Amino acid sequence: MRIDPLTCAIGAELLDVNLADAVTDDGLFEEIYAALLKHRVLFLRDQTLDKLSRQQHMAFAQRLGELEDHPLIPSHPEAPGLVQIYKSPDTPRERYENAWHCDGTFRGKPPMACVLRCIECPPTGGDTMWANMVLAYEKLPAAIKSQIDGLIANHSFNASFAAAFPAEKRLALKARYPDAEHPVVRTHPDTGEKVLFVNAFATHFVNYHTSEHVRYGQDYNQVGADLLKYLISQAYNPEYQVRWRWTPYSVAIWDNRSTNHYAVMDYPPSFRKMERAAIVGAKPY
């Protein structure tokens, strides 16, 4: 296997390897996981169904941990846990993917990683971008690092995916997926790195309204909201990003603990069919 870094900040392509081999080859799996920790997102081309079946796709992901379902999107009928992210010209154009986000932070235990394969994509457009949120934290001004130390953010499914639903369905989903609270700066459990851990699911800080930060109640609404927007916007910096152009049967594997990503929706009226395995993570600290 060869590893070809794609930018100075994040991302590498794995060459001369079939992902299915890592299902049974411990040494290869460990090499891939070490590359994932280093580069944060890995890419492979030509992982066709005859080389990597849906069951092998799941089996590789299960080497990382237990697979989780999605609150709204169904799994493939032949592969429970392999979520079908299928977009077509005939379906409503949901716009929740084209925001910088980290998968599942509305859960108490967000996914630790994801393995996504493209089944069908437009000839042009439909790229996905990832941002290195370890670097985003490292490059923050010292004063901001001091200010956000110990802050906790609220992350909401109800205010994002569920917001467009009728009230009855939205409230039922809220009961099933109550808002989660996570540290604004988390520690990566494998590397010990500090990670800026806010994204489009974050709605507000839950512990900002203290005498240290707030003179009047208005400060909480204005200053806290502005600070959260500033932190989320760090993913927008091109210096922290990699952009991947999909081709059929290419694969992306990303560390969901240290990255944000953005699915570019510039491809109507084309089809885009993706299949994703998300691996249950631990509670961030």
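Values quoted throughout were computed directly from the atomic coordinates according to the rules given, and no laboratory measurement underlies them. None of these values were measured; they are calculated from a predicted model. Quick reminder, even Gly has a Cβ in these numbers, built from the backbone with ideal geometry, and neighbours come from all protein chains shown.
Is it the case that some residue within the stretch 162-182 is assigned to a loop (DSSP other than H, G, I, E, B), out of contact with any helix residue (DSSP H, G or I) (no Cβ under 6 Å at 6 or more places or on another chain), of a type in the set (F, W, Y) and surrounded by fewer than 17 Cβ atoms within 10 Å (Cβ to Cβ)?
There is at least one residue in the stretch 162-182 that is assigned to a loop (DSSP other than H, G, I, E, B), out of contact with any helix residue (DSSP H, G or I) (no Cβ under 6 Å at 6 or more places or on another chain), of a type in the set (F, W, Y) and surrounded by fewer than 17 Cβ atoms within 10 Å (Cβ to Cβ).
Could you list, in sequence order, all residues of the stretch 146-161 that are surrounded by 14 or more Cβ atoms within 10 Å (Cβ to Cβ) and not in a strand (DSSP E or B)?
The answer is Q147, I148, L151, S156, F157, N158, A159, S160, F161.
Could you figure out which of (1) touching a residue at least 40 places away in the same chain (Cβ under 8 Å); (2) of a type outside the set (D, E); (3) in a helix (DSSP H, G or I) isn't true of A143?
For A143, the exception is condition (1).
Of (1) of a type outside the set (K, R); (2) more than 20 Å from R245 (Cα to Cα); (3) surrounded by 16 or more Cβ atoms within 10 Å (Cβ to Cβ), V17 satisfies all except one. Which?
(2)
Residue check, N221 against (1) under 23 Å from G150 (Cα atoms); (2) touching a Phe, Trp or Tyr at 6+ places or on another chain (Cβ under 8 Å), all met but one. Which one?
(2)
Mind checking which residues of the stretch 264-284 are crowded, with 21+ Cβ neighbours inside 10 Å and among the small types (G, A, S)?
A277, A278, G281
Residue check: is R186 in a strand (DSSP E or B), within 14 Å of A153 (Cα to Cα), in contact with a strand residue (DSSP E or B) (Cβ under 9 Å, 6 or more places away or on another chain) and among the basic types (K, R)?
The answer is yes for R186.
Scan F106, F60, F29 and give me the residue that is of a type in the set (F, W, Y), in contact (Cβ under 8 Å) with a residue 24 or more places away in the chain, in a loop (DSSP other than H, G, I, E, B) and in contact with a helix residue (DSSP H, G or I) (Cβ under 9 Å, 6 or more places away or on another chain).
After applying the criteria, what remains is F106.
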